[in-house]
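Colleague: Sharing a structure with you now.
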């Protein structure tokens, strides 16, 4: 592991996935690095207009939550879950703070993950 491990990562789960998947781990990380900005853009589009597209928000946030959870990215998972719950209307709130936190979390993760590509 690098010394620049950001907070919000379950390193035990991340390392377990890395060891379990072996040579398939780098392609998974590459896919995550490609897909996450697209999901964040979908979330941004869903909340950027005057009327929030709750369905689009819930869908993109769910995908982001699931993929982040599978790799042990707990902070990003938590922010995505909040946005998903807002999109599903199970909680009331403004998704913007969670979206901004998710962007920051991803930018830190991106640097970390790029150091794990082989």
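Here, each number is a calculation from the coordinates, and none is a lab measurement. Quick caveat, the model's predicted, so the values are computed rather than measured. Cβ: placed from backbone, ideal geometry, glycine included. Neighbour counts: every protein chain shown.
Colleague: Arrange 116, 62 by Cβ neighbour counts within 10 Å, fewest through most, would you?
Modeller: On the way: 116 13, 62 18.
By the 10 Å Cβ count, ascending: 116, 62.
Colleague: Enter the angle in degrees (range 0 to 90, nearest 10) between the Cα long axis of helix 54-71 and the first principal axis of the Cα atoms of the chain, meaning the one along which they spread out most.
Modeller: Rounded to the nearest ten degrees, it is 20.
Colleague: Run the helix sum for the chain: -39,500 (n - 2.57) per DSSP H stretch of 4+ residues, divided by residue count, reported at 222 nm to the nearest 500 deg cm²/dmol. Show your work: numbers first, answer last.
Modeller: Working: 5 runs with 86 residues, N = 118.
For the chain, the value works out to -24500 deg cm²/dmol.
Colleague: Continuing with the same structure: Once R0 is set to 25 Å, what does the formula 1/(1 + (r/R0)^6) return for the Cβ-Cβ distance between residue 12 and residue 35, expressed as a FRET efficiency to the nearest 0.05?
Modeller: Details: r = 24 Å, r/R0 = 0.95.
Given R0 = 25 Å and the Cβ-Cβ separation, E is 0.60.
Colleague: Which one of 50, 94, 35 has the biggest mean-square fluctuation once the chain is modelled by GNM with Cα springs under 10 Å?
Modeller: Sorting by GNM fluctuation, first place goes to 50.
Colleague: Please arrange 16, 34 by counting, for each residue, the other beta carbons lying within 10 Å of its beta carbon, fewest first. Write out the running numbers ahead of the final one.
Modeller: Details: 16 12, 34 9.
Ordered from fewest to most neighbouring Cβ atoms within 10 Å, 16, 34 come out as 34, 16.
Colleague: In addition: Starting from 0.36 nm per residue, how many nanometres of slack lie between residue 52 and residue 100 once their C-alpha separation is accounted for? Walk me through the numbers before you get to the answer.
Modeller: Working: separation 48, 0.36 × 48 = 17.28 nm, distance 1.58 nm.
Between residue 52 and residue 100, full extension yields an extra 15.7 nm.
Colleague: Next question, about the same structure. Could you check the spin-label model distance between residue 90 and residue 70? Points 7 Å from the Cα along Cα→Cβ, value in nm.
Modeller: Distance between the two pseudo-spin positions: 2.0 nm.
Colleague: Using Cβ contacts closer than 10 Å as the measure, can you line up 65, 78 from fewest to most? Write out the running numbers ahead of the final one.
Modeller: Values: 65 23, 78 17.
So the residues, fewest neighbours to most, are 78, 65.
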